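Structure, as structure tokens:
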Amino acid sequence: MILLLVAGLAWTVPAFADNSLELLSVSTAEDGTQQYSVTLQVLLLMTLLSMLPAALIMMTSFTRIIVVLAILRQGLGTQQTPNNQVLIGLALFLSLFVMAPVLERIYVDAAQPYLEESLDAPAALQAASGPIREFMISQVRQTDLQVFADLAGKEGFETPDDVPFSVLVPAFVTSELKTAFQIGFLLLVPFLIIDLVVASVLMSMGMVMLSPLIISLPFKIMLFVLVDGWSLVMSTLAASFLVA
């Protein structure tokens, strides 16, 4: 059986070798643009899809949202409630809500013309990068952008289109983390006050051995529910991208 398998592979290899240039080929059109074979386009598409999780985390609103939700859970002191799956799902769908205008522009400017074959793959990628770049530029801090530009040895940029993604992406992630921790700090202050009040009351009653977290947890959950905390947090996170 092994000999038959090797013989079959040896028989099929020359056939693939003869078609390799046709399967993976780049041709030049009459207008000077390069056209890629369908197989090569599929290969590039699969490569881009493998980078989709990193792009989702680093180039969208997902980072800020998931960090704020994690800090909120830590402030409530509910350990693993909501669990990681719920937080990630909530952050994902809220990110889709925030990024909906950007995704719509990408579809209209890049995806639809590419499917209609009015744009080739490089032009479609260039058109798709425009809305993403505008979103990241609107959220990034100039100080963070300047820091990474200096580290990369880049001079001042005349227009936002001149900023390379190698500088824009780390600056954007740094700005998102900074904003997320600022929002998280404001969320933690009320819960910290409750913990301090409960700890002071227990100490004054001589109940030193009782953990304040056991007593403060119901009060923090009650406060969060009474002020409609989830709605406030979600609306504030979404509005933080709209007003930037």
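The values are calculated or read from the model by the stated rules, or taken from the named source; none is laboratory data. As the structure is a computational prediction, the values presented were derived from the model and not from experiment. So basically every Cβ, Gly included, is an ideal-geometry build from the backbone, and we count neighbours across all protein chains shown. For accessibility, only protein heavy atoms count, side chains too; no ligands or nucleic acids. Shrake-Rupley method; radii C 1.70, N 1.55, O 1.52, S 1.80 Å.
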Complete set of residues in segment 52-89 that are part of a helix (DSSP H, G or I), free of Cβ contacts under 8 Å to residues at least 40 places away in the same chain and farther than 26 Å from residue 170 by Cβ | 73, 85, 86, 89
Enumeration of residues in segment 204-224 that are surrounded by 12 or more Cβ atoms within 10 Å (Cβ to Cβ) and either on the phi > 0 side of the Ramachandran plot or over 33 Å from the mean Cα position of the chain (by Cα) (or both) | 207, 210, 211, 212, 213, 215, 216, 219
Looking at 174, 179, which is the one that is assigned to a helix (DSSP H, G or I), touching a residue at least 24 places away in the same chain (Cβ under 8 Å) and open to solvent by 40 Å² or more (accessible area, probe 1.4 Å)?
-> 174
For segment 115-132, state whether one or more residues are in contact with a Ser or Thr (Cβ under 7 Å, 6 or more places away or on another chain), open to solvent by less than 40 Å² (accessible area, probe 1.4 Å) and over 30 Å from residue 226 (Cβ atoms).
-> no
In segment 149-171, anything part of a helix (DSSP H, G or I), farther than 12 Å from residue 59 by Cβ and open to solvent by less than 60 Å² (accessible area, probe 1.4 Å) is listed as 149, 167
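Only residues that are at pLDDT 80 or above and not in a helix (DSSP H, G or I): list them for segment 107-124, please. Please lay out each step first, then the result.
Going through segment 107-124, the residues at pLDDT 80 or above turn out to be 107-113, 115-116, 118, 123-124.
Matches in segment 107-124: 116, 118.
Please state which one of 93, 97 is open to solvent by 20 Å² or more (accessible area, probe 1.4 Å), farther than 16 Å from residue 187 by Cα and touching a residue at least 24 places away in the same chain (Cβ under 8 Å).
Values: 93 fails: touching a residue at least 24 places away in the same chain (Cβ under 8 Å).
Criteria check complete, one pass: 97.
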Flag for residue 190 being open to solvent by 30 Å² or more (accessible area, probe 1.4 Å), under 17 Å from residue 58 (Cβ atoms) and in a helix (DSSP H, G or I) | no
Given (1) in contact with a helix residue (DSSP H, G or I) (Cβ under 6 Å, 6 or more places away or on another chain); (2) open to solvent by 40 Å² or more (accessible area, probe 1.4 Å); (3) closer than 30 Å to residue 187 by Cα; (4) at pLDDT 80 or above, where does residue 83 come up short, assuming only one miss?
-> (1)
